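Below: the structure, in structure tokens.
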Amino acid sequence: MQDFKARLLHGLNTARNYTNELLNALSSESEWLHRATSGGNHALWIAGHLAVVDNAFIGRFDESRAWTDHDDWKTLFGKGSQPHDDAAAYPSVETIRETMAERRAVLLECLESCSDEDFLRELPPGAPPFLYDIASMFQMGAWHEGIHAGQLSIIHRQLGHPPLR
């Protein structure tokens, strides 16, 4: 299963590296709040959302390592939340980026600590039905981020930034 763990790590790291490259290109509040379409997500919301989702995954793996005091983040960035056009409604870009990095680091620590048996462990109640074990949760982390990186890529190009790849 070590090869499997390495593949999961690679997927999560590759997705996050691309996301970070896209976010690093944003330099103004208007760029962070730009939406590719009416009602679409902006980069500020996407970055916070990725932190909240990583935290949810952490909680499904090891509840003791998940946040217990960030209900405001769940309200702003969690499932079903809608992006606001006012940057003042959010924590600062720096705080969001730091939190993204910190939550991902903890998620990767959880993954690194997995035994073969852990990968096959069922998720606690409340997990979406397409996540059937711990391994599927880590796998989803990469493709979920890919969805939002695609949104960021469109924003990135609309803002006139050159393609990264």
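The values are calculated or read from the model by the stated rules, or taken from the named source; none is laboratory data. Just so we're clear, the structure is a prediction, and the values are computed from it rather than from any experiment. Neighbour counts run over all protein chains shown; Cβ positions are idealised from the backbone, glycine included. With ligands, DNA and RNA removed, areas are computed over all heavy atoms of the protein, side chains included. Shrake-Rupley method; radii C 1.70, N 1.55, O 1.52, S 1.80 Å.
General remarks:
- Of all residues in segment 61-84, exactly one satisfies the criterion of being under 15 Å from the mean Cα position of the chain (by Cα), under 16 Å from residue 141 (Cβ atoms) and open to solvent by 40 Å² or more (accessible area, probe 1.4 Å), namely 79.
- Of residues in segment 132-149 being over 21 Å from residue 19 (Cβ atoms) and of a type in the set (A, V, I, L, M, F, W, C), the one surrounded by the fewest Cβ atoms within 10 Å (Cβ to Cβ): 135
- Index of the failed condition, residue 105 passing every other in (1) open to solvent by 40 Å² or more (accessible area, probe 1.4 Å); (2) more than 17 Å from the chain's Cα centre (by Cα); (3) small (Gly, Ala, Ser): (2)
- Matching option when the condition is of a type in the set (Ser, Thr, Tyr) and in a helix (DSSP H, G or I), among 27, 64, 38: 64
- The set of residues in segment 108-131 that are more than 16 Å from residue 56 (Cβ to Cβ) and open to solvent by less than 20 Å² (accessible area, probe 1.4 Å) comprises 114, 119.
- First in segment 1-25 and over 15 Å from residue 100 (Cα atoms) and free of Cβ contacts under 8 Å to residues at least 24 places away in the same chain, second anywhere and open to solvent by less than 60 Å² (accessible area, probe 1.4 Å) and not charged (D, E, K, R), Cβ under 9 Å, 6 or more apart: 10/142
- Residue 60 modelled with pLDDT of 95 or more and not aliphatic (A, V, I, L, M): no
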